[in-house]
Amino acid sequence: MLAVMQTNMGEIEDSTVRPKVTDAKGILKQNRQFLDYFWDIAKPEREVRLKAVEDLIEHLKQSEKPDELQYSLKRLVDGLSHTRDDARSGYSVALAQLLSVFEEISLKSTLDSVKEKHNLQTAKKKFIRNAAFGNFFGVLALSQSTRLHKEPQVVLECVRLLQSLSQYREHLRDLPRKTMVDILSETSKEVFEEVLLSALQSDLTSALNTPEQLELLLVALQKFPSVLKPKKLKKLLGTTAVITKENMPKLVEVLKTAARSVKKENILPPVAFDLLQVSLREDNFEMFWNEAIIKGMLSEMPGPTHYLSFRLLGACLPLLSVAQLEFVLSADVMTHYGQHMLSAQLADRFKFAPEMEKYVSEFMQGCADADKQLVVALGFTQLTNQGYPVVPSCWKDLEHMGLSALQKYVEWLMEAFCKPQLEKCLDFSTRRQKGNQETEAESDSCVARFRKWIILRLTFIGENHQIKKREDLVMKLARFIFFHAFFDVKKPTPEIPETTQALSVPIDQQTRAAISSAFYGLLQGLNTMAVLGDSAEAERRTLGVKADGSMWIYCVVQYATMLLDQSKHVQSVQTLSPEQRQGWDSMLGSVEALRKKARKSSSPEHSAFQHLFLLVGIQMFKAPEESLELLNDLRTCMEKAQAKKSKKKKANGKSSEEEPHWVEVVVEILLSLLSQPSRLTRGVCKAVFSRICPHLTQEALSSILDVLDPNKDEDESGVMVTDEKKEKKKIHKEEEERDEEEDDDVEDEDGSDSSSDDDDEDEAMEEGEEVDQNFRLDLMKVLQGQNALATEEDGSDEEELDDAAMMKLDGSLSALFLEQKKKIQAKKDEKDRLRKEKVLVRDFKIKVLDMVEMFLSKQGSSALVLGMVEPLLSVIENGMSSETSQQEQDFLRKAADIFRNRLCRAKYYCREINGREVELHDMLERLIGRAQKLTDSSVSLYYFSAALYLLKVLRGVVSERDSANAPSTPSELRLMGKVDVERVTTCFRNALTSFMTKRKSPLTGAMFIDLFSRFPVLCVNLLDTAVESITAGVREHQQGQACAVVLRALQSKDVKNLMSDAHSTELHQKVVDQLAKSFEDVQCKNKTVREKMVKALELCQHLVRVVHSQKMQVNLELLQKVLKSMNAEGSLQKPGQLEDTYWSVMKLFGVLKPKMEKVKKVVEAEQTEETTRKKKKKGFLPETKKRKNRKKPTVLEGKETPASTETAGGASGEEGKKKKKKNKKRKQQGGEEEGTRNQPATKKAKTQQQQQKKKKKGGQQEADGK
């Protein structure tokens, strides 16, 4: 009976999983491969689907069985409504191929079966989407079968079906319309005129009613213009053209409907674009744009109709002529677009700007006409809001602009800057701006805003590397911006083209400051610009130079010199003093001398010094005094360097190699410049240091690292400059203090009230500090000298000082307190000075860290990097133990980030260490030893990471396929380059032993896991120590970490490849024995023990799995017995990580976790509920409601009645639930009691008597209940 029930259940399950298919002749059973074709057609992979379609068609050709053909047709039609897109497209392609090959299948019957199977009228609501796709893909298959044009009646039904599907736009989008266009394009003129035209007569006549019907007419007009002639249109529409004034109201309504239908999709309706094309063909574009778009669509509130107008504006750009472009870009559509740009700046607003930029970008890429490009660029530039263009100055669409169009556009921008004609711009104002308009002041501010934007646009064109341009255009831009930033025109001259264009409105100070900052931004871009043009391929790697090799900044300096010499025609905005002009001329002389040396022997030294002089010199127009000081410092440094060279050359017995390298001199100059708090000098130093990074020497790098060394004094290198300034400030402070002392003496003669008040304030500020003993002694002397100090010998306080003595005493006390006040203030000033000096020094070190980061990013493979490991580690270690100010934290975070990401994790590292193997091994041992002695594990991690970095450097490149997926061979894995494996193994073994045997070790298990995963050879050598630590660890934490380390090692494929079979078996047996020993007499008493047990069980799970899968000769019986004994008392049956891991291990031994008996608990709960119900009696208060338990707790002491035990046990939960209600009642009673307190005494007595009566009644009820 049981077997029969099981078979019946199996039949039921099979019937639910797969529907029963009638197969009278047993075709499906004969060929299983036939069904697999349909499964593969629905696969996500495109290649698999196409292969299945080919195989199915080939199979049907060879079999020639009509039953299989009919089944295939039915199966493919059913699959057209599949839920997955890939499956639908696969079935559609297969059906199209089937209809194309087997012409005996009727297209009419196929279309009828599609309509019947995927009936949209009878389908449920949740299957409407699938049914719509089924109909569409059925029509698509018919159209792709290449037979549709042979059956006109089927074409007609397909077109009608596609028209009906257009209402399901939310699912099908624009697919029906595209398919309809494809069908009509393949239909012949005769078929359309004889069959389709008469059938679609009603749809074409009512074309101006709905977007779908209008779309059908427009497609027919596009494909068959010879059929739908003006006479035919006259019969259909009543007009000889589509775009007429009579049809315009209906067209506007259709466009509005189409705009609302695509509100969620954010696309341009096809009917709108086709209507635009019809207006161009009928030469009625301007009427269509004015009547339909401006007066029709824009008359609505901002929304879908406006966005449709904007999309039409962007889509029509490639179709229009120059005159039409000018007309469109100056119409109201652009004004509304500008207003949208302003309103869209608010949060949570729809932004159309990305779509418009995409339209313009596509136009610029596809248009080769320079005039059209210029018109479009000017049209968007002249769209302004009170003088400021709405389009951002950084416009990426200019990247696709042609050279000639760009040249004309730049000339227009320069002319507009000099003579801004805002009346020609399409300017608009918001409502708020219109209410606050002023006449002259408003026009001046509009001009200033327009000029600022033009300068930003010119700067963007000059510094953007993606915009194709010539060198003469870039130089023209730089000259124009530089001239208007720092010079004014006195008299025009043809020698200076910038003077020929007079300014219609003078440049105000604020605009000139903006132009100045824009110029220095452009200069920074020129310094990093690659060589322009295609002729200088060899020099493309050099940045900041022209094709002839001259630097851009040198050309700008030459132009500035020419302007300074033309004092009759131009005038500098900030007049240079004779000293500053002399400094400028000396800078030019130094640069020319360096250029002559560079011509004789090209050296990076000369280019670096040139760059430094030019960068500092060009800053003279912005900060002349500061630039003059920097130039003097540069000149003195150069002279000192040359003097040292000449002295060392003349000295006997000394080689030329002892001369200071030019890089050392440049680095010293840069450090001295960086010590000054100036953003200008910081930018100069970064630009120069990036050029000299490839030529840096060990001495130059040491001078940089010495600044960061926390063990050295902070009075070296660059800090000297700031100290000199502070000494000057000290002198001024001392003079001021002397003057204040004289003034204070005069004030003391006038009165001492103010000084006493100040003393009180100082005393309040100095609370908590120790009292100065010297000040106390001086105060005692003053008081004793005036006999104002009471002593025991005096005996009475009646004797008082006279007025003269009191005045003398007051003067002495005021002088004493004033002196003390000055001492306290001096201490405060000293503290403040030290604090500011520390801030400046720390800021200076942060700047130096920028140099270190730049060197590591540009020269990470240099051998000099190895000397930066220990200095950076000392910086990090010192920063961890120093103060916790925000600046100190920023410095530490930056140093740690540079060390971790730029050094240890760098893609390129040093690979040339010939002769430095011993040095690197000594450094590695020092790092590991220091990592063990630290107290902070976070700092120890940096030392350990540095050791692994040195190990990577020593190993070098093992094979060329480091990143290949194929596993390395054992011979490749054993290659360790120049690593002394025995020495390194001993070093890391001592570290691992220290970690496992010391109670407080800064090392962590993650460090050794990283070591084992990166260096399998060392992992194999250290595995024995790690395995022994499973039981030999000093604490449970170390034992758990040992299990985690061993697990990661055994999971590594490289470690498996390095070990032989015998070694692997021996190691697994040893690990099993250690685990069995660690599991003996284990008690999970705290969290650390449980964590250790979890890691040990995870290791055990991996071991048992490997032993069983590889059939290793490892004895697991002892381990199994120990594991079983752990659950002898059933303590590991509760849910949890430890318990789950334990039972997953026991499952490998064939022992399953026993199921929990939850039914017994339910039965016990029901029994307890029944007993409580039996104890309750109807008509009496429950125990929680009785007042006796709260009012008379002493009665129940010592008496264990059934009621008391019941309330203590069973009713405790009910008491907890009803405490809140009691508290509310008490609050209400408290309010009533407050009201009774204000009543007379008689009423109060009555209320007390009533309460006592209630208590007595309650007590009687309780007694009766008992």
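The values are calculated or read from the model by the stated rules, or taken from the named source; none is laboratory data. If you're wondering where the values come from, they're calculated on a predicted model, not measured in any experiment. Cβ placement follows ideal geometry from the backbone for every residue including glycine, while neighbour counts extend to all protein chains displayed. We work out accessible area using only protein heavy atoms, side chains counted, and drop any ligands, DNA or RNA first. Shrake-Rupley method; radii C 1.70, N 1.55, O 1.52, S 1.80 Å.
Here are some notes:
- There is no residue in region 464-483 that is aliphatic (A, V, I, L, M), at pLDDT below 90 and assigned to a helix (DSSP H, G or I).
- Complete set of residues in region 307-336 that are polar (S, T, N, Q) and open to solvent by less than 10 Å² (accessible area, probe 1.4 Å): Ser309
- Index of the failed condition, Ile243 passing every other in (1) within 28 Å of Arg173 (Cβ to Cβ); (2) open to solvent by less than 50 Å² (accessible area, probe 1.4 Å); (3) outside any loop (DSSP other than H, G, I, E, B): (3)
- Number of residues in region 590-636 that are open to solvent by less than 40 Å² (accessible area, probe 1.4 Å), of a type outside the set (S, T, N, Q) and farther than 20 Å from Phe487 by Cα: the value is 13.
- Residue count for region 391-401, restricted to those that are surrounded by fewer than 21 Cβ atoms within 10 Å (Cβ to Cβ), in a loop (DSSP other than H, G, I, E, B), touching a helix residue (DSSP H, G or I) at 6+ places or on another chain (Cβ under 8 Å) and without any contact (Cβ under 8 Å) to a residue 60 or more places away in the chain: 0.
- The single condition from (1) exposed (fewer than 14 other Cβ atoms within 10 Å of the Cβ); (2) touching a residue at least 24 places away in the same chain (Cβ under 8 Å); (3) β-branched (Val, Ile, Thr) that Val570 fails is (1).
- Residue count for region 890-916, restricted to those that are without any contact (Cβ under 8 Å) to a residue 12 or more places away in the chain and open to solvent by 70 Å² or more (accessible area, probe 1.4 Å): 4
- Residue within region 392-401 that is over 35 Å from the mean Cα position of the chain (by Cα) and of a type in the set (D, E, K, R) present: no
- Failed condition for Ser109, given (1) under 43 Å from the mean Cα position of the chain (by Cα); (2) open to solvent by 30 Å² or more (accessible area, probe 1.4 Å): (1)
- If you go through region 460-476 and keep only what is open to solvent by less than 10 Å² (accessible area, probe 1.4 Å) and under 13 Å from Leu522 (Cα atoms), you end up with Ile461, Gly462, Val474.
- The condition of being of a type outside the set (Ser, Thr, Tyr), surrounded by 16 or more Cβ atoms within 10 Å (Cβ to Cβ), more than 23 Å from Val390 (Cα to Cα) and touching a residue at least 12 places away in the same chain (Cβ under 8 Å) holds for Leu280.
- Region 998-1015 residues that are in contact (Cβ under 8 Å) with a residue 60 or more places away in the chain, paired with ones that are open to solvent by 10 Å² or more (accessible area, probe 1.4 Å) and not small (Gly, Ala, Ser) (beta carbon under 6 Å, 6 or more apart): Pro1002/Leu934
- Within the set Gln386, Gln345, Gln382, the sole residue that is over 34 Å from the mean Cα position of the chain (by Cα) and modelled with pLDDT under 90 turns out to be Gln386.
One line per residue, one yes/no per condition, for (1) aliphatic (A, V, I, L, M); (2) closer than 30 Å to Gln324 by Cα; (3) open to solvent by less than 40 Å² (accessible area, probe 1.4 Å); (4) part of a helix (DSSP H, G or I):
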residue: Leu162; (1), (2), (3), (4): yes, no, yes, yes
residue: Met180; (1), (2), (3), (4): yes, no, yes, yes
residue: Glu190; (1), (2), (3), (4): no, no, no, yes
residue: Glu194; (1), (2), (3), (4): no, no, no, yes
residue: Asn209; (1), (2), (3), (4): no, yes, no, no
residue: Glu212; (1), (2), (3), (4): no, yes, no, yes
residue: Gln222; (1), (2), (3), (4): no, yes, no, yes
residue: Leu233; (1), (2), (3), (4): yes, yes, yes, yes
residue: Ala272; (1), (2), (3), (4): yes, yes, yes, yes
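- Every condition in (1) over 20 Å from Gln407 (Cα atoms); (2) buried (at least 18 other Cβ atoms within 10 Å of the Cβ) holds for Ala513 except the one numbered (2).
- Helices (runs of 4 or more DSSP H) contained in region 949-1032 and holding at least 1 residues over 27 Å from Met868 (Cβ atoms), at pLDDT 85 or above and among the acidic types (Asp, Glu): 981-997, 1016-1032
- Evaluation of Gln886 against (1) surrounded by 13 or more Cβ atoms within 10 Å (Cβ to Cβ); (2) within 27 Å of Leu673 (Cα to Cα); (3) under 27 Å from the mean Cα position of the chain (by Cα) (one fails), failing number: (1)
- Selection status of Ser63, polar (S, T, N, Q), open to solvent by less than 60 Å² (accessible area, probe 1.4 Å) and at pLDDT below 90: yes
- Contact map, region 825-853: residues that are closer than 19 Å to Val707 by Cβ and without any contact (Cβ under 8 Å) to a residue 40 or more places away in the chain paired with residues that are surrounded by 14 or more Cβ atoms within 10 Å (Cβ to Cβ) and acidic (Asp, Glu), Cβ distance under 9 Å, separation 6+ or inter-chain. Pairs shown: Lys838/Glu714.
- Residues of region 579-589 classified as crowded, with 20+ Cβ neighbours inside 10 Å and not small (Gly, Ala, Ser), total: 2
- Filtered by the rule that a residue be at pLDDT below 90, over 32 Å from the mean Cα position of the chain (by Cα) and either at negative phi or β-branched (Val, Ile, Thr) (or both), region 509-533 gives Val531, Leu532.
- One residue stands out in region 288-306 among those that are within 14 Å of Met248 (Cβ to Cβ) and small (Gly, Ala, Ser): the one that is most open to solvent (accessible area, probe 1.4 Å), namely Ser299.
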